[in-house]
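Chemist: I am attaching a structure below and will ask some questions about it afterwards.
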Ligand code: ARG
């Protein structure tokens with residue numbers, strides 16, 4: 001079957017109307033970029049006002065344009081607007097409808113503008129709004145952690161390294177570790193907003209324009225600090241989208257670590273936390289089960305967000321200046337990452353806020369695994385002036401002895417300890433309890449309840465202003 005018709009049928013099968021339909025399908029972005037309708041209309045109104053003010057178009061035409069655009073906004077918001085794939089994208093859908101509504105004056109809107117700077121400004125406006133949403137969500141999550149940290153500033157729990165019991169810490173300290181993590185995410189959001197706060201509108205197709213436009217005027221009207229400084233860069237730059245995705249990926253990665261801890265903590269074996277019914281599900285076959293589905297899904301959705309970052313980096317890689325249609329692929333990645341991250345943050349904030357903390361289980365686990373061995377070694381250094389390496393050795397022998405007797409360090413008899421090192425006195429027992437262990441760790445940033453409370457006070461003040 002080598003005739004033309006047959007091979008055509010090979011690739012044309014899905015497309016009843018042939019190559020033109022395939023072109024339309026690959027080219028059109030309206031299905032996803034209609035999300036930019038509000039930004040597109042806002043940008044167009046600002047542009048038209050500037051065109052009228054600088055005398056590039058007549059005031060009557062501008063009034064018609066603004067009125068028409070506001071009508072379109074209402075049509076879209078009420079669901080009455082008919083989007084057409086034939087018109088490719090949101091920009092042309094809006095402009096075509098404007099022509100239907102106001103006639104020839106609509107044709108003046110695109111003076112001194114191109115879809116290249118138009119899409120760049122629309123998308124920046126959208127990403128900027130989303131970054132503000134993420135900042136609010138992060139603040140909510142941080143505040144939820146601050147509440148838990150305050151409640152549990154003195155609750156002892158095991159601290160792990162290599163997922164092996166290491167030293168006792170307070171649960172408040174553990175919560176504050178997440179406050180640090182999410183505060184860094186928040187500061188990345190603020191940095192990114194600051195950096196992207198420039199308007200590309202008026203860069204036109206790539207070279208700027210000969211019309212006497214006022215880019216400072218449109219930048220200000222759209223809430224940007226100032227206009228961008230290079231028209232070529234303006235229409236080819238998607239750093240703001242890449243930065244959003246990298247912030248999202250790092251934040252999602254943080255959320256996945258928290259999600260994993262919640263999954264572990266809520267196992268019957270750990271039993272450190274109990275998730276509320278709103279954030280867990282039962283099993284259809286095993287009645288005893290309560291599954292941490294929301295946490296598992298947060299853990300999993302990180303893959304999606306991280307994937308979008310790599311996806312867009314790969315789209316942008318090797319693109320020559322200035323605009324290329326490749327860049328149309330930026331939107332779905334950002335929209336999906338944004339929607340996913342918003343949901344992940346909301347789910348985690350909910351879980352952190354209403355999980356029940358089992359202090360008894362945490363305390364019991366905190367005392368197991370010879371978690372105060374380092375305290376014993378430190379006591380030997382402090383009180384008997386042993387070099388740390390010798391103290392480490394003595395402590396190792398004490399742990400071995402306790403292990404052979406199947407008891408905790410604090411349950412060894414003084415004589416047992418003295419058989420290992422004659423200098424040990426009764427005073428050693430003051431450091432062998434988990435409570436005293438955490439209390440002693442008062443170094444800046446340490447786990448002592450007093451220190452944790454100091455850090456909480458610091459972050460409460462900072463978050464109020466962040
Ligand atoms: N839909 C396009 C995009 O998202 C708009 C810009 C099109 N520009 C062009 N010269 N074809 O990138």
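Chemist: Would you please name the residue that is farthest from the ligand (Cβ to nearest atom), looking only at residues in the stretch 76-90 that are assigned to a helix (DSSP H, G or I) and more than 17 Å from residue 26 (Cα to Cα)? Quick ask: steps written out before the conclusion?
Modeler: The initial filter retains those residues of the stretch 76-90 that are assigned to a helix (DSSP H, G or I), namely 76-78, 85-87, 90.
Okay, now just the ones that are also more than 17 Å from residue 26 (Cα to Cα), so 76-78.
On the way: 76: 17, 77: 21, 78: 24 Å.
Residue satisfying both the conditions and the ranking: 78.
Chemist: In this structure, is residue 119 under 24 Å from residue 26 (Cβ atoms) and within 32 Å of the chain's Cα centre (by Cα)? If you could, list the steps in order and put the result at the bottom.
Modeler: Details: under 24 Å from residue 26 (Cβ atoms): yes; within 32 Å of the chain's Cα centre (by Cα): yes.
It is true that residue 119 is under 24 Å from residue 26 (Cβ atoms) and within 32 Å of the chain's Cα centre (by Cα).
Chemist: Test residue 103 against the stated conditions and say whether it is in a helix (DSSP H, G or I) and surrounded by fewer than 17 Cβ atoms within 10 Å (Cβ to Cβ).
Modeler: So residue 103 fits the description; yes.
Chemist: For the structure I just gave you, tell me whether residue 97 is buried (at least 21 other Cβ atoms within 10 Å of the Cβ) and within 14 Å of the ligand (Cβ to nearest atom). Break it down stepwise before answering.
Modeler: Details: buried (at least 21 other Cβ atoms within 10 Å of the Cβ): yes; within 14 Å of the ligand (Cβ to nearest atom): no.
No.
Chemist: Here is a further query. Residues that are surrounded by 15 or more Cβ atoms within 10 Å (Cβ to Cβ) and under 32 Å from the mean Cα position of the chain (by Cα): which helices (runs of 4 or more DSSP H) entirely in the stretch 375-466 hold 3 or more of them? Before you say what the answer is, go through the steps one by one.
Modeler: Numbers: elements: 388-404, 414-420, 429-432, 434-440, 449-465.
The qualifying helices (runs of 4 or more DSSP H) are 449-465.
Chemist: Looking for whichever is assigned to a loop (DSSP other than H, G, I, E, B), touching a helix residue (DSSP H, G or I) at 6+ places or on another chain (Cβ under 9 Å) and either closer than 20 Å to residue 350 by Cα or touching a residue at least 60 places away in the same chain (Cβ under 8 Å) (or both) here; the options are 312, 321, 258. Which one fits?
Modeler: Values: 312 fails: assigned to a loop (DSSP other than H, G, I, E, B); 258 fails: assigned to a loop (DSSP other than H, G, I, E, B).
So the residue among 312, 321, 258 that is assigned to a loop (DSSP other than H, G, I, E, B), touching a helix residue (DSSP H, G or I) at 6+ places or on another chain (Cβ under 9 Å) and either closer than 20 Å to residue 350 by Cα or touching a residue at least 60 places away in the same chain (Cβ under 8 Å) (or both) is 321.
Chemist: Going residue by residue through the stretch 278-296, is there one that turns out to be within 16 Å of the chain's Cα centre (by Cα) and surrounded by 15 or more Cβ atoms within 10 Å (Cβ to Cβ)?
Modeler: Kept after step one, since they are within 16 Å of the chain's Cα centre (by Cα), are these residues of the stretch 278-296: 295.
Adding the requirement that they be surrounded by 15 or more Cβ atoms within 10 Å (Cβ to Cβ) leaves 295.
Checking the stretch 278-296: at least one residue is within 16 Å of the chain's Cα centre (by Cα) and surrounded by 15 or more Cβ atoms within 10 Å (Cβ to Cβ).
Chemist: Taking the conditions exactly as written (surrounded by fewer than 22 Cβ atoms within 10 Å (Cβ to Cβ) and away from the ligand (no atom under 16 Å from the Cβ)), does residue 224 satisfy them or not?
Modeler: Working: surrounded by fewer than 22 Cβ atoms within 10 Å (Cβ to Cβ): no; away from the ligand (no atom under 16 Å from the Cβ): yes.
The answer is no for residue 224.
Chemist: Within the stretch 142-161, is even one residue under 28 Å from residue 77 (Cβ atoms), more than 16 Å from the ligand (Cβ to nearest atom) and part of a helix (DSSP H, G or I)?
Modeler: We begin by selecting, within the stretch 142-161, every residue under 28 Å from residue 77 (Cβ atoms); these are none.
No, the conditions are met nowhere in the stretch 142-161.
Chemist: Can you work out which of the residues in the stretch 193-213 that are farther than 13 Å from residue 125 by Cα and crowded, with 17+ Cβ neighbours inside 10 Å is nearest to the ligand (Cβ to nearest atom)?
Modeler: 206
Chemist: Here are some conditions: (1) assigned to a helix (DSSP H, G or I); (2) more than 30 Å from residue 315 (Cα to Cα). Residue 211 meets all but one. Which one does it not meet?
Modeler: (1)
Chemist: Output the residues belonging to the stretch 47-66 that are within 21 Å of residue 223 (Cα to Cα) and surrounded by fewer than 21 Cβ atoms within 10 Å (Cβ to Cβ).
Modeler: Hits for the stretch 47-66 are 49, 52, 53, 54, 66.
Chemist: Of everything in the stretch 11-25 that's farther than 21 Å from residue 82 by Cβ and exposed (fewer than 10 other Cβ atoms within 10 Å of the Cβ), which residue is modelled with the highest pLDDT?
Modeler: 16
Chemist: Looking only at the stretch 108-139, count how many residues are within 16 Å of the ligand (Cβ to nearest atom) and assigned to a helix (DSSP H, G or I). Walk me through it before giving the result.
Modeler: Taking the stretch 108-139 and keeping what is within 16 Å of the ligand (Cβ to nearest atom), we get 109-110, 112-127.
Cutting the leftovers down to assigned to a helix (DSSP H, G or I) gives us 115-127.
Number of matching residues: 13.
Chemist: Same structure again: Could you say which residue among 57, 72 is at pLDDT 95 or above, over 30 Å from the mean Cα position of the chain (by Cα) and part of a helix (DSSP H, G or I)?
Modeler: On the way: 57 fails: part of a helix (DSSP H, G or I).
Residue meeting the stated conditions: 72.
Chemist: Scan the stretch 279-309 for residues that are touching a strand residue (DSSP E or B) at 6+ places or on another chain (Cβ under 8 Å) and in a helix (DSSP H, G or I) and jot them down.
Modeler: Restricting attention to the stretch 279-309, the residues satisfying the condition of being touching a strand residue (DSSP E or B) at 6+ places or on another chain (Cβ under 8 Å) are 280-283, 289-291, 293.
Once the filter is applied, which keeps residues that are touching a strand residue (DSSP E or B) at 6+ places or on another chain (Cβ under 8 Å) and in a helix (DSSP H, G or I), the stretch 279-309 yields only 293.
Chemist: Being outside any helix (DSSP H, G or I) and at pLDDT 95 or above is the filter; apply it to the stretch 356-374 and report the residue that is surrounded by the fewest Cβ atoms within 10 Å (Cβ to Cβ).
Modeler: Of all residues in the stretch 356-374, those outside any helix (DSSP H, G or I) come to 356-358, 368-372.
Going one step further and asking which of them are at pLDDT 95 or above, we end up with 356-358.
Details: 356: 11, 357: 18, 358: 19.
Restricting to residues being outside any helix (DSSP H, G or I) and at pLDDT 95 or above, the top hit is 356.
A quick yes/no check of all residues on (1) at positive phi; (2) touching a strand residue (DSSP E or B) at 6+ places or on another chain (Cβ under 7 Å):
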position: 255; (1), (2): no, no
position: 312; (1), (2): no, no
position: 318; (1), (2): yes, no
position: 322; (1), (2): no, no
position: 337; (1), (2): no, no
position: 355; (1), (2): no, yes
position: 358; (1), (2): no, yes
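The values are calculated or read from the model by the stated rules, or taken from the named source; none is laboratory data. None of the values given here were measured: they were computed from a predicted structure. Please note: Cβ atoms are built from the backbone with ideal geometry, for glycine as well, and neighbour counts cover all protein chains shown.
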